[in-house]
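J.: After the structure tokens below, expect a handful of questions from me.
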Amino acid sequence: MRFAVVVFPGSNCDHDAQYALSSALGQEAELVWHKARDLGGADAVVLPGGFSYGDYLRCGAIARFSPIMTRVREFAAAGGPVIGICNGFQVLLEAGLLPGGMRRNRDLKFICEHVHLRVEATDTPFTRQAAAGQVLRMPIAHGEGNYYADPETLRTLADDRRIVFRYAAPDGSLDERWNVNGSTAAIAGICNRERNVVGLMPHPERACEAAVGSTDGRVVFESAVAALAACAPVAEVT
Amino acid sequence: MKAKVYVALKPSILDPQGKTITGALHALGYDAVREVRQGKYFELDIDAASVDQARSLAREMADRLLSNPVIESYRVEVG
């Protein structure tokens, strides 16, 4: 499968994502500059982590107006799988492709550590190979990952089962003390109504090889590969 | 024409920076301070034919870019 990894000025997890997809998962992964006219025929799009436009104004606020975002929006509207990781999640929120917003972390600290996530929804292209309730260990690295949704939005997310990942204890139980950044309802990741656009603060691309401490992130990308294989056109029967 | 745009987190949203500043002011002895809310301030120099036009442009810019309506509110002053 062919992944497009979008590169904004200030992205810094673009190469990590490309490496994870190509070397660790054996997929094609092309870096696509934010001023590119198209997504190069990609089957899936990754908006990577980093500090697009220096996080000036608000995280992701300026990147959402990058030319490539028009293509990403069209790709998403056509049902193509899109994943925003960390800053990529912030860009999706600012672009209105996912609901809610980000605040500074509850304790105002930039947090860089491994956390545990509970998979809350497995009917997205990025979680279909995971088991419901499965606990994934992967790193976070952000200062503004304190997800906010107003009560009405939160109710919609819950009713439509659009909360995809929650910060949890290593055994998968939920408790506010494991809610590392103070996010509303311990939300670490969500999806859109159509379920093809997923955003999460943790970094699955940094958890794809045992050498870096965890391989739990692989399931996110393996899910995308499986989802694409499932909807790939079947060879014509003559 | 000069327009000033003040952006701050909505009152319903916890402002951890404001809270920390409140604590620092209390440590300096300013016990009279009940709460601090921190925000952003923009000065726009706008080429506009009238105050109304400048105001409506500043509002449009605040809606589209300068603020995030999900978590922030803003106020515009012109002139």
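J.: Name, by its number, the condition in (1) farther than 23 Å from A:Gly217 by Cα; (2) β-branched (Val, Ile, Thr); (3) in a strand (DSSP E or B) that does not hold for A:Thr70.
T.: Unmet condition: (3).
J.: Of all residues in the stretch A:24-67, which are without any contact (Cβ under 8 Å) to a residue 12 or more places away in the chain and either part of a loop (DSSP other than H, G, I, E, B) or closer than 26 Å to A:Val219 by Cβ (or both)?
T.: Filtering the stretch A:24-67 for residues without any contact (Cβ under 8 Å) to a residue 12 or more places away in the chain gives A:26, A:56-57, A:62, A:65.
Matches in the stretch A:24-67: A:Gly26, A:Tyr56, A:Leu57, A:Ile62.
J.: Return yes or no: is B:Arg37 within 14 Å of chain A (Cβ to nearest Cβ), under 28 Å from A:Met102 (Cα atoms) and surrounded by 15 or more Cβ atoms within 10 Å (Cβ to Cβ)? Explain how you work it out, then say what you get.
T.: On the way: within 14 Å of chain A (Cβ to nearest Cβ): yes; under 28 Å from A:Met102 (Cα atoms): yes; surrounded by 15 or more Cβ atoms within 10 Å (Cβ to Cβ): yes.
Taking the combined requirement at face value, the residue satisfies it.
J.: May I ask you to say which residue of B:Val70, B:Val76 is under 19 Å from A:Arg104 (Cβ atoms) and either within 13 Å of another protein chain (Cβ to nearest Cβ) or not in a helix (DSSP H, G or I) (or both)?
T.: Details: B:Val76 fails: under 19 Å from A:Arg104 (Cβ atoms).
Among B:Val70, B:Val76, only B:Val70 is under 19 Å from A:Arg104 (Cβ atoms) and either within 13 Å of another protein chain (Cβ to nearest Cβ) or not in a helix (DSSP H, G or I) (or both).
J.: Quick check, is B:Leu44 farther than 27 Å from A:Arg106 by Cβ, assigned to a strand (DSSP E or B) and without any contact (Cβ under 8 Å) to a residue 60 or more places away in the chain? Show your work before the answer.
T.: Details: farther than 27 Å from A:Arg106 by Cβ: yes; assigned to a strand (DSSP E or B): yes; without any contact (Cβ under 8 Å) to a residue 60 or more places away in the chain: yes.
Yes.
J.: Here's another thing I want to ask about it. Check every one of the strands (runs of 3 or more DSSP E) wholly within the stretch A:74-151 and list those with 2 or more residues that are more than 14 Å from every other protein chain (Cβ to nearest Cβ) and either under 28 Å from B:Leu66 (Cβ atoms) or among the β-branched types (Val, Ile, Thr) (or both). Walk me through it before giving the result.
T.: Numbers: elements: A:82-85, A:101-103, A:111-119, A:135-142, A:146-148.
In the stretch A:74-151, A:82-85, A:111-119, A:135-142 are the strands (runs of 3 or more DSSP E) which contain 2 or more residues that are more than 14 Å from every other protein chain (Cβ to nearest Cβ) and either under 28 Å from B:Leu66 (Cβ atoms) or among the β-branched types (Val, Ile, Thr) (or both).
J.: Oh, and also: Within the stretch B:1-12, restricting attention to residues that are buried (at least 17 other Cβ atoms within 10 Å of the Cβ) and touching a Lys or Arg at 6+ places or on another chain (Cβ under 8 Å), which residue is farthest from A:Ala149 (Cα to Cα)?
T.: Once the filter is applied, the top-ranked residue is B:Ala3.
J.: Please give the number of the condition B:Ala54 fails out of (1) surrounded by 13 or more Cβ atoms within 10 Å (Cβ to Cβ); (2) within 14 Å of another protein chain (Cβ to nearest Cβ); (3) not in a loop (DSSP other than H, G, I, E, B).
T.: (2)
J.: Also: Which residues, counting only those in the stretch B:40-51, are closer than 21 Å to A:Arg58 by Cα and surrounded by 10 or more Cβ atoms within 10 Å (Cβ to Cβ)?
T.: Within the stretch B:40-51, B:Lys40, B:Phe42, B:Leu44 meet the criteria.
J.: What residue, of B:Ala49, B:Ala24, B:Ala8, is more than 26 Å from A:Gln90 (Cα to Cα) and either in contact (Cβ under 8 Å) with a residue 40 or more places away in the chain or in a helix (DSSP H, G or I) (or both)?
T.: Details: B:Ala49 fails: either in contact (Cβ under 8 Å) with a residue 40 or more places away in the chain or in a helix (DSSP H, G or I) (or both); B:Ala8 fails: more than 26 Å from A:Gln90 (Cα to Cα).
Residue meeting the stated conditions: B:Ala24.
Each reported figure results from applying straightforward, stated rules to the coordinates on display, with no laboratory input. Note that the structure is predicted; figures quoted are calculated from it, not measured. Here Cβ is always computed from backbone atoms with ideal geometry, including for glycine, and neighbour counts include all displayed protein chains.
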